[in-house]
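The values are calculated or read from the model by the stated rules, or taken from the named source; none is laboratory data. Quantities reported herein were computed from a predicted structural model and do not represent experimental measurements. Neighbour counts run over all protein chains shown; Cβ positions are idealised from the backbone, glycine included.
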Amino acid sequence: MRYKVMSWLRLSRKTPQSEPEAAHDWYEHHIVTLTKHEKFRAKDAGVPLFGNKPVWVHLYPRNERDLIELLQKYDIHPLTVEDIFNSSNRIKREKFPHYTYLCFRGVHLAGSYITTKDFNFIITKKTIITVSESERTTIDKLLADKALCRDLLRKGPEFILHRILDVETDHTLHIVHEIDLAFERCEGALMAHSASLDISMVFELKSSLALIKKLILTHKEIFDEMHQHDLKHFSPESQAFFRDVRDHAIKIIDTIDGIVQAIASAIEAYNTISTKRTNDIIRILTIMTAIMLPLTLVTGYFGMNFKHLPMTEDHNGYLKTIIGMAILAGVMMVFFLKKRWL
């Protein structure tokens with residue numbers, strides 16, 4: 001899924017973004033064990049059962065039928081297959097007799113967009129199966145590090161899950177920090193009431209944070225369930241690691257809450273400054289109108305089309321009128337200054 005982000009988010013070179021898809025065959029699947037790392041294609045036989053050996057299987061199925069054929073020996077429920085290929089699938093944890101299904105959603109930046117990518121996990125006693133329809137940089141990098149894969153599998157397949165979730169959660173936290181930096185730039189323009197600032201950029205920042213918070217809150221709920229209920233496919237030793245990821249999720253939520261509160265305060269200050277400037281302009285215009293009103297009255301009086309008016313035949317009448325109007329305007333200016341209306 002893609003969501004429009006702010007044009008103010010000028011990212012630093014260190015900002016993690018969705019990398020371009022690697023040039024490889026998406027239908028080339030991976031089987032990682034403690035002793036080997038194999039690749040096989042969809043035309044080959046389905047994924048075999050491995051008994052009590054710890055195994056990580058990563059699949060790139062083209063469609064639901066392809067996935068069903070690949071996992072025909074694992075008795076995967078049809079609803080699980082449907083959820084994997086459902087782009088609007090919600091983040092969830094579902095327990096089945098032979099496995100546990102987990103769906104998480106990673107947050108990535110792609111230009112001016114926030115993109116979300118689903119991470120699907122099927123976990124049995126000694127096997128973890130990850131399924132994705134397209135490139136997942138976190139998974140591809142982990143697959144490329146064979147030594148790390150073996151170390152994680154030696155601890156248990158659930159540590160593969162922890163590694164992926166930990167990297168994605170830290171990645172999301174980095175994105176939130178980048179949004180925070182973008183807001184700091186916006187905040188300076190807000191306080192300066194810069195004419196170049198489009199206030200809608202601030203609201204785009206806020207909506208982006210709301211999107212991320214919604215995802216992370218759901219992740220946290222799943223981590224809470226995993227903490228409260230011992231999962232039969234997770235070792236007791238892994239619980240502490242998943243609590244750590246949960247703590248990172250809470251940190252993201254707290255950081256977002258702080259930024260949102262700062263945005264609300266900045267918008268309130270911006271509105272206050274705007275109101276004050278508007279009041280200042282109206283006050284100045286009102287004072288100008290008050291000064292011009294008696295002057296207009298004087299000029300209007302002598303502009304009447306009557307033949308006989310006082311001072312109309314006075315050779316110095318024009319000069320006296322101008323001096324009188326100047327004195328009247330000056331007196332009114334002094335009065336306004338003493339009242340501190342100017």
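The number of residues in the range 106-137 that are under 12 Å from TRP56 (Cβ atoms), out of contact with any strand residue (DSSP E or B) (no Cβ under 6 Å at 6 or more places or on another chain) and of a type outside the set (Val, Ile, Thr) comes to 1. Scan the range 246-263 and tell me whether some residue there is in contact (Cβ under 8 Å) with a residue 24 or more places away in the chain, more than 12 Å from THR169 (Cα to Cα) and in a loop (DSSP other than H, G, I, E, B). Within the range 246-263 (the criterion being in contact (Cβ under 8 Å) with a residue 24 or more places away in the chain, more than 12 Å from THR169 (Cα to Cα) and in a loop (DSSP other than H, G, I, E, B)), the answer is no, since none of the residues qualifies. Does ILE323 meet the test of being in contact with a helix residue (DSSP H, G or I) (Cβ under 6 Å, 6 or more places away or on another chain), assigned to a helix (DSSP H, G or I), farther than 30 Å from ILE128 by Cβ and modelled with pLDDT of 85 or more? Considered against the rule, which asks whether it is in contact with a helix residue (DSSP H, G or I) (Cβ under 6 Å, 6 or more places away or on another chain), assigned to a helix (DSSP H, G or I), farther than 30 Å from ILE128 by Cβ and modelled with pLDDT of 85 or more, ILE323 comes out as no. The condition of being touching a helix residue (DSSP H, G or I) at 6+ places or on another chain (Cβ under 6 Å) and either outside any loop (DSSP other than H, G, I, E, B) or in the same structural domain as PHE183 (by TED's automatic domain parsing) (or both) holds for TYR270. For residues that are more than 15 Å from ARG150 (Cβ to Cβ) and assigned to a strand (DSSP E or B), scanning just the range 27-45, find the one that is modelled with the lowest pLDDT. Once the filter is applied, the top-ranked residue is ARG41. Using the structure shown, decide if GLU184 is over 28 Å from GLU237 (Cβ atoms) and acidic (Asp, Glu). It is true that GLU184 is over 28 Å from GLU237 (Cβ atoms) and acidic (Asp, Glu). Being buried (at least 17 other Cβ atoms within 10 Å of the Cβ) and modelled with pLDDT of 90 or more is the filter here; which residues of the range 254-292 pass it? Across the range 254-292, the qualifying residues are THR255, ILE256, ILE259. Say whether the condition of being among the charged types (D, E, K, R) and assigned to a helix (DSSP H, G or I) is met by at least one residue in the range 204-211. Scanning the range 204-211 turns up at least one residue that is among the charged types (D, E, K, R) and assigned to a helix (DSSP H, G or I). Selection of the range 300-320 for residues being surrounded by fewer than 11 Cβ atoms within 10 Å (Cβ to Cβ) and part of a helix (DSSP H, G or I) yields GLY300, LEU319.
Check whether at least one residue in the range 157-170 is at pLDDT 90 or above, within 17 Å of the chain's Cα centre (by Cα), crowded, with 21+ Cβ neighbours inside 10 Å and part of a helix (DSSP H, G or I), and report yes or no. Yes, the range 157-170 contains at least one residue that is at pLDDT 90 or above, within 17 Å of the chain's Cα centre (by Cα), crowded, with 21+ Cβ neighbours inside 10 Å and part of a helix (DSSP H, G or I).
Among the residues making up the range 253-281, those that are touching a His at 6+ places or on another chain (Cβ under 9 Å) and of a type outside the set (Lys, Arg) are THR255, TYR270, ILE273, SER274.
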